[in-house]
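Step one of this worksheet: look at the structure below.
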Amino acid sequence: MAIASLPTWVWSKAMDLDSDALGRYISATEGVGKPWLLLQLRLKKLQDDRDCMEPAAYEAAIAELHQELMGLGEWWVGREAEVFGGERSHNDD
């Protein structure tokens with residue numbers, strides 16, 4: 001089953017999971033090859049570990065994840081319906 005075919009409420013529920021449950025969700029929905037989902041999992045793991053980390057280490061890890069997210073670019077352009085399950089949101093002028 002592809003993520004795009006999941007109802008919005010299922011996706012929203014997945015984002016409320018802890019990192020272990022989110023990892024199982026990503027695996028079960030064939031999301032392992034989707035870098036944006038893996039970044040979400042890494043963010044969840046950071047949130048889980050935040051209380052055990054020094055503030056500077058946590059901030060550095062968040063900055064690294066942000067940089068990697070920005071490096072993905074506009075991966076969704078032209079794939080809006082596939083990725084988000086809706087209509088395309090821009091013109092290809």
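The values are calculated or read from the model by the stated rules, or taken from the named source; none is laboratory data. These numbers come from a predicted model, not from an experiment. Here the Cβ positions follow ideal geometry from the backbone for every residue, glycine too, while neighbour counts run over all protein chains shown. Each accessible area value is taken on the protein alone, full model and side chains, heavy atoms only, with ligands, DNA and RNA left out. Shrake-Rupley method; radii C 1.70, N 1.55, O 1.52, S 1.80 Å.
Taken as a whole, the condition of being exposed (fewer than 12 other Cβ atoms within 10 Å of the Cβ) and over 17 Å from Ser19 (Cβ atoms) applies to Ala56.
When the residues of the stretch 19-48 are filtered to those that are charged (D, E, K, R) and open to solvent by less than 80 Å² (accessible area, probe 1.4 Å), the one that is modelled with the lowest pLDDT is Lys34. Kindly indicate whether any position in the stretch 60-77 is modelled with pLDDT of 85 or more, more than 13 Å from the chain's Cα centre (by Cα) and either polar (S, T, N, Q) or not in a helix (DSSP H, G or I) (or both). Checked the stretch 60-77: at least one residue is modelled with pLDDT of 85 or more, more than 13 Å from the chain's Cα centre (by Cα) and either polar (S, T, N, Q) or not in a helix (DSSP H, G or I) (or both). Do the conditions hold for Gly85, that is, is it at pLDDT below 80, of a type outside the set (Phe, Trp, Tyr) and on the phi > 0 side of the Ramachandran plot? So Gly85 passes the test.
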